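First up is the structure itself, then whatever we jot down about it.
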Amino acid sequence: MRSRHDRRSFLRNTAIAGAAISLPGTRLHAATNNLGPNDQINIGMIGAGGRASELLNAIQEVGGTKVLAVADPDIDRATALAKKCDAKPYQDLRTIIDDVNVHAVFIATCNHWHCLAAIWAMQAGKDVYVEKPLSHTQWEGRQVIQATRKYGRIVQVGTQQRSDPMQAELKKFLHKDKSLGKIEYAQANRLGVRETIGKRNTALVIPKEVNYDLWLGPAAEEPLLRDKLHYDWHWTYNTGNGEMGNWGVHVLDDVRNVAYQDSASLPNSVFAVGGRVAWNDAGNTPNVHYAIFETESFPTLIALSNLPGGKAMKGSWDSKGGRPASGPGSGYVVACEGGYLLGSRQNGRAIDREGKTIRTFKGGDIVPLHVKNFFDAMRSRDRDSLNAEVQVGHDSTGWCNLANVGYRTASTFDKDQLVRAGANLEAWPTLMKEMETQLKPLGVEASDLHVSPKLTHDPKTEKFTGDHADVANSFLKRTYRKGYEFPEIG
């Protein structure tokens, strides 16, 4: 492996660091744990794409910090971002992890790197801000939680709506004031157009500025038949979680927070229908993905489409679901006895059963608020003060991971199975009719999609049970590439 540090030396040093931080009073432990209210927090940025740039803007707006280093396998991207904050650029994230002057890392890598980078950083005594989705698989997320507890780290997950003051107003309106009555169900939406990622006949040539071994990390090495290396990694399960883990995690986290008040950690069952249709490109994650989650209280649906809609095939799909007003394209609907709460990023409104607006809500500047919340928790060492502590992020990511497992266990279209799945939920058949109508102008029939079995899930063990459990559980953990094996944290 071509890397700044010898692998064996790195592992030995990491083991020493891991042992050191478990003992109070060591230099690594004290450097982060004894920060005063006016002490500068030194940061390392891991990942240097568009999301990292947005985080850097928020970090600089909050203040009281210094970005010392930026690492990205694409050295050109690392150099460009480092120039914006007068930091040092590196290709290898382990250079930052080894640096005892760095108090915290911000991880904005490809999804398949999130958990391993977070664990390595915690083993070296650093606090972590890690972008959503927390994990690439559910098992990985559990290891991050174990590491957080073992090493006493502060870990914030990048579901930034959690830091919007509007969320508290929404919960009071729904639950304390009971302004809309009893909740019947919730529906999350991500209905946003994306383009095909192309399909090559020969493998993509990796740019010379990219250390591809580092870029792959724990992922499998396989030919890339798409047109671009960056960003479009989202749309293959080797490195991404599809739209379900990209935007789905935000809207499902909102549902967990606002509708459930986090009372439902993970669902008791999941059913999915979807497909990658119309494009014939190199992606293997669905561009149409619908699911039903059942819990102890009320069910949640999610409607996801990256395809255009309407007669002109412009703009996103719509979803009324039999209600008097369409739900937000990227947001959620909480259906209640007396009306509906329509929530989206930094905006919300409540309507009655006839569609008349009862109340509106307005949010704040959520990314700086979320970053500030992380820095405040670093100084107080109070993980309970985090708005998206790692357990919260793990649970919300879990809904996406389980929806993806549902899709990956799906087989050919089964109309009877599709109908049975939502037999007790009036909105489901309406949603399916909408989906079928919006597919037709694209030359796609509902029968071109794949339908999963209903998968029973135990939130306590985070494992599937009953029929089809063996197949479903096989997707909860992956095989890791040599040199990037995942540590199992006791």
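Read-outs: derived from the displayed coordinates by stated rules, not from any lab. The shown structure was predicted, so the numbers you read here are calculated from the model rather than taken from an experiment. Neighbour counts run over all protein chains shown; Cβ positions are idealised from the backbone, glycine included.
Table for the structure above
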| quantity | calculated |
| --- | --- |
| Cross-link reach list, aspartates and glutamates versus Lys356, counting only Cα pairs under 17 Å and skipping chain neighbours closer than eight places | Glu337 |
| Amide proton proximity set for Val70, modelled H, under 5 Å, gap of 5+ | Met45, Lys88, Tyr90 |
| Sites Ala203 and Asp177, calculated FRET efficiency, Cβ-Cβ separation with R0 60 Å, nearest 0.05 | 0.55 |
| Sorted peptide list for 118-128, 276-286, criterion being average Cβ within 10 angstrom, highest first | 118-128, 276-286 |
| Modelled FRET efficiency - R0 25 Å, Lys463 with Asn424, Cβ distances, 0.05 increments | 0.50 |
| Relative contact order computed over the chain (Cα-Cα under 8 Å; 6+ residues apart), in percent | 18 |
| Unsatisfied cross-links (Cα-Cα over 31 Å) in the set Lys176/Lys320; Lys132/Lys171; Lys150/Lys172; Lys176/Lys460 | Lys150/Lys172 |
| Placed amide H near Glu184: partners under 5 Å, 5+ positions off or other chain | Ala335, Cys336, Glu337 |
| Reachable aspartates and glutamates from Lys208, criterion Cα separation under 13 angstrom, eight or more residues apart if same chain | Asp74, Asp76 |
| Simple Cβ-charge dipole of the chain, Lys/Arg +1 and Asp/Glu -1, about Cα centre, in debye nearest 20 | 540 |
| Nitroxide proxy distance, nm - points 7 Å out along Cα→Cβ at Ala312 and Gln417 | 3.9 |
| Protection-proxy order for peptides 262-274, 351-363, each taking the mean of Cβ atoms within 10 Å per residue, highest first | 262-274, 351-363 |
| Environment charge at Ser396 (Cβ cut-off 12 Å; Lys +1, Arg +1, Asp -1, Glu -1) | -2 |
| Assigned charges on the beta-carbon of Lys, Arg, Asp, Glu; the stretch 125-190 dipole about Cα centre (debye) | 220 |
| Residue pairs, from the table Lys88/Lys372; Lys415/Lys463; Lys199/Lys440; Lys433/Lys477, whose Cα atoms sit over 29 Å apart | Lys433/Lys477 |
| For the stretch 387-397, Karplus couplings with θ = phi - 60° (6.51, -1.76, 1.60), whole Hz, Gly/Pro x | 7, 9, 4, 4, 5, 4, x, 5, 5, 5, 4 |
| Extension gain from Lys83 to Asp39, taking 0.36 nm per residue of separation minus the Cα-Cα distance | 13.5 nm |
| Computed [θ] at 222 nm, deg cm²/dmol, the chain (DSSP H ≥ 4; -39,500 (n - 2.57); rounded to nearest 500) | -9500 deg cm²/dmol |
| Share, in percent, of DSSP beta bridges within the chain that are antiparallel, nearest 5 | 65 |
| For Pro459, net neighbour charge (Lys/Arg +1, Asp/Glu -1) across residues whose Cβ lies under 10 Å away | -2 |
| Extended-chain gain in nm, criterion 0.36 nm per residue less alpha-carbon gap, Glu488 and Asp376 | 37.4 nm |
| Cα-based Rg / Dmax (Å) for the chain | 22.4, 67 |
| FRET E, pair Asp365, Lys228, Förster distance 30 Å, beta-carbon r, rounded to 0.05 | 0.45 |
| Fully extended contour minus Cα-Cα distance, from Gln261 to Lys477, at 0.36 nm per residue | 74.9 nm |
